[in-house]
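First up is the structure itself, then whatever we jot down about it.
The values are calculated or read from the model by the stated rules, or taken from the named source; none is laboratory data. The structure displayed is predicted, hence computed values, not measured ones. Cβ placement follows ideal geometry from the backbone for every residue including glycine, while neighbour counts extend to all protein chains displayed. Accessible surface areas use protein heavy atoms only, side chains included; no ligands, DNA or RNA. Shrake-Rupley method; radii C 1.70, N 1.55, O 1.52, S 1.80 Å.
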Amino acid sequence: QVQPVESGGGLVQPGGSLRLSCAASGSIFSIYAMGWYRQAPGKQRELITAITSGGVTNYADSVKGRFTISRDNAKNTVYLQMNSLKPEDTAVYYCNSEPPVYFTWGQGTQVTVSS
């Protein structure tokens, strides 16, 4: 079963930016809607943004206007550009299909927003 690999996380100051990447092998990647999810300490994993195979996007209110999801189907990769980061964005970030039924969960990438 395909397991996406997330990368690009790190420690950043409030107001800073990060770009996350998610690579998933296999030619079937391009047919699925993909999403970025996050899990903060003590909280359940939540969907924050998704993109269809054709590029239509939607965002949770908590990240709208600050985060941008994109995909490159030729590279089987989904991106998450995160700007104006806030301490409450601190979480482990994962990607998966939307709904999350076509891939296994990866290890995620830690994003910590702190001064």
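Of all residues in segment 61-95, those being farther than 18 Å from E6 by Cβ and hydrophobic (A, V, I, L, M, F, W, C) number 1. Residues of segment 70-96 that are under 24 Å from P41 (Cβ atoms) and surrounded by fewer than 17 Cβ atoms within 10 Å (Cβ to Cβ): Q81, N83, S84, K86, P87, E88.
Restricting attention to segment 5-32, the residues that are at pLDDT below 95, open to solvent by 30 Å² or more (accessible area, probe 1.4 Å) and either not hydrophobic (A, V, I, L, M, F, W, C) or not in a strand (DSSP E or B) (or both) add up to 7.
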